[in-house]
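Just so it is clear, none of the values below were taken in a lab; they were calculated from the coordinates. Since this is a predicted model, take the numbers as computed values, not measurements. Cβ atoms come from the backbone with ideal geometry, glycine included; neighbour counts cover every protein chain shown.
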Amino acid sequence: MTGKPHKQPFVIGVAGGASSGKKTVGDMIIYQLHDQRVVLVNQDSFYHSLTSEELSKVHEYNFDHPDAFDTEKLLSSIEMLKHGKSVDIPKYDFKSYKSGVSRRVNPSDVIILEGILVFHDPRVRNMMNMKIFVDTDADVRLARRIRRDTSEKGREIGMVLDQYSKFVKPSFDNFILPTKKFADIIIPCGGDNHVAIDLIVQHIRTKLGQHDLCKTYPNLYVIHSTFQIRGMHTLIRDAQTTKHDFVFYSDRLIRLVVEHGLGHLPFTEKQVTTLTGSVYTGVDFCNSAVQAIKLLLKKGTSRSACGLQRVSKD
Ligand SMILES: Nc1ncnc2c1ncn2[C@@H]1O[C@H](COP(=O)(O)OP(=O)(O)O)[C@@H](O)[C@H]1O
Ligand SMILES: O=c1ccn([C@@H]2O[C@H](COP(=O)(O)O)[C@@H](O)[C@H]2O)c(=O)[nH]1
């Protein structure tokens, strides 16, 4: 075998009612994961093209029913991306109701699959590593839909309201809402929920940083790689780097490892009285933690011992 083994991408499903903010949430995740290869795939791309008969009675067509989508194509497309292959994803035109020219999507580290019914088919659901449901009140969704469909899709307000009461609302109650139970995370307020987005991004970063060794050793933690860390690794590997710089940057890297390790050690709450007489509640490392550091110091090389001593007085 040649080349690197293919690492499976992290697949995130984002479901919720129409105009709940699914795409906004997806875009916010992409924005925060700027240093990763992330691709957003929209379930809307997999709408079946309408036949001429369906077109003549478009007001009777239910775009919110699971059968409106080409789920087999969606499945095979995500499968290809999961296996590190590029895929042509169709483009659906909301004005002509037809699927047209495709866009080429390249394999990525993270795939975000967003759409009203992405949790409906168990085969699609099972491809996801994380499932998010965007929970936005029906009145907010309707208001956004009216604005979007009249301005962007050029539709009559009467038609938008008819479609809503005839298909959108019943399908939300019958098909979309029942998939909420499959979600790992439910986000109220969609894109306004910065706390939820931050937590999601943190989790994805942890998963992406996980080495295969983490599966064998569940208490192994991999420090998230930053540009600063990569820069220091570059310097200490460079044959041109001076001895002084090599020692300086190695020492900084060792300290980062030790400080990160200390964050995983057990601690107890401790209160101290400050010089001004007030009581400060902090934490104190448990005995076992101090013993672990002492053991490391005994076994460590002189350089790592030096790094350890700077972060632990004991
Ligand atoms: N938190 C928000 N506040 C105000 N408008 C929003 C918010 N989230 C989304 N929107 C707007 O609502 C519309 C639908 O949002 P979008 O993310 O495309 O929803 P979905 O993908 O669920 O259909 C868009 O016009 C978007 O700009
Ligand atoms: O031709 C079409 C195709 C779909 N719709 C509506 O779109 C929404 C789903 O898209 P979101 O981006 O998740 O909002 C769905 O409610 C369909 O009714 C349409 O109006 N016309």
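Note the per residue figure in Å³ for the convex hull of the C-alpha positions in region 37-90.
On the way: hull volume 4.6 nm³, N = 54.
Considering the Cα atoms of region 37-90, their hull volume per residue is 86 Å³.
Using DSSP to call loops (not H, G, I, E or B), can you name the trypsin sites (Lys or Arg not before Pro) in region 52-117 whose Cβ has at most 16 other Cβ atoms within 10 angstrom?
Details: sites: Lys57, Lys73, Lys82, Lys85, Lys91, Lys95, Lys98, Arg103, Arg104; in loops: Lys57, Lys85, Lys95.
Listed in order of number, the matching sites are Lys57, Lys85, Lys95.
Can you give me the distance in nm between label points at Phe246 and Asp35, each placed 7 Å from the Cα along the Cα-to-Cβ direction?
Going by the 7 Å Cα→Cβ label model, 2.6 nm.
Kirkwood hydrodynamic radius for the chain: how many Å is it when counted over pairs of different Cα atoms? The partial results should precede the final answer.
Working: mean 1/r = 0.0424 Å⁻¹.
Result for the chain, one decimal place: 23.6 Å.
Helix 138-151 sits at what angle to the longest principal axis of the chain, using alpha carbons and giving 0 to 90 degrees rounded to 10?
Relative to the chain, helix 138-151 is tipped by roughly 70 degrees.
Cα axis of helix 287-299 to longest principal axis of the chain: angle in degrees, 0 to 90, nearest 10?
Between the helix axis and the principal axis of the chain, the angle is about 70 degrees.
Work out, step by step, the length gained on full extension between His65 and His233: first 0.36 nm times the residue separation, then minus their alpha carbon distance; give nm to one decimal. Don't jump to the answer; show the numbers that get you there.
Numbers: separation 168, 0.36 × 168 = 60.48 nm, distance 5.26 nm.
This chain segment gains 55.2 nm when fully extended.
Please return the longest range in the chain lying between exposed loop sites, taking GluC sites (Glu not before Pro), DSSP loop only, at most 14 other beta-carbon atoms within 10 Å, and leaving the sites out.
Working: sites that count: Glu152, Glu156.
Maximal segment without exposed cleavage sites: 157-314.
If you average 1/r across every pair of different Cα atoms in region 90-212 and take the reciprocal, what Kirkwood value do you get, in Å? Kindly include the intermediate steps, with their values, before the conclusion.
Values: mean 1/r = 0.0585 Å⁻¹.
In region 90-212 this quantity evaluates to 17.1 Å.
Taking the 0 to 90 degree range and rounding to the nearest ten, how far is the long axis of helix 194-209 tilted relative to the main principal axis of the chain, both from C-alpha atoms?
The angle comes out at about 70 degrees.
Taking the Cα centre of the chain as the origin, how large is its charge dipole in debye, to the nearest 20, when only Lys and Arg (+1) and Asp and Glu (-1) carry charge on their Cβ atoms?
That gives the chain a dipole magnitude of about 1260 debye.
Taking every pair of Cα atoms in region 214-264, average 1/r, invert it to obtain the Kirkwood radius, and report Rg/Rh to two decimals. Walk me through the numbers before you get to the answer.
Values: Rg = 13.1 Å, Rh = 12.2 Å.
Here Rg/Rh amounts to 1.07.
For region 126-226, run through the chymotrypsin sites (Phe, Trp or Tyr not before Pro) and keep only the ones in DSSP coil with at most 11 other Cβ atoms within 10 Å of their Cβ. Could you put the intermediate results ahead of the total?
Numbers: sites: Phe133, Tyr164, Phe167, Phe172, Phe175, Phe182, Tyr221; in loops: Tyr221.
Here no chymotrypsin sites (Phe, Trp or Tyr not before Pro) fit, given the DSSP loop and packing criteria.
Sequence gap at least 6, Cα distance under 8 Å: using those rules, report the relative contact order of the chain to the nearest whole percent.
On the way: 408 pairs, mean separation 61.8, N = 314.
Answer for the chain is 20 percent.
Go through Val140, Val58, Val101 and say which Cα lies farthest out towards the positive end of the charge dipole of region 10-216; charges sit on Cβ, +1 for Lys and Arg, -1 for Asp and Glu.
So the residue furthest toward the plus end is Val101.
Could you compute how fast region 1-152 diffuses translationally, taking Rh as the Kirkwood radius over C-alpha pairs and applying Stokes-Einstein at 4 °C with viscosity 1.567 mPa s? Give it in µm² per second.
Working: Rh = 16.6 Å.
In µm²/s, the coefficient rounds to 78.
Express in nm, to one decimal, how much length is gained between Asp162 and Ser52 on full extension, taking 0.36 nm for each residue of separation and deducting their alpha carbon distance.
37.4 nm
I'd like the antiparallel share, as a percent to the nearest 5, of DSSP beta bridges with both residues in region 10-216. Numbers along the way, then the final one.
Working: 8 of 27 bridges.
Approximately 30 percent, going by the DSSP bridge assignments.
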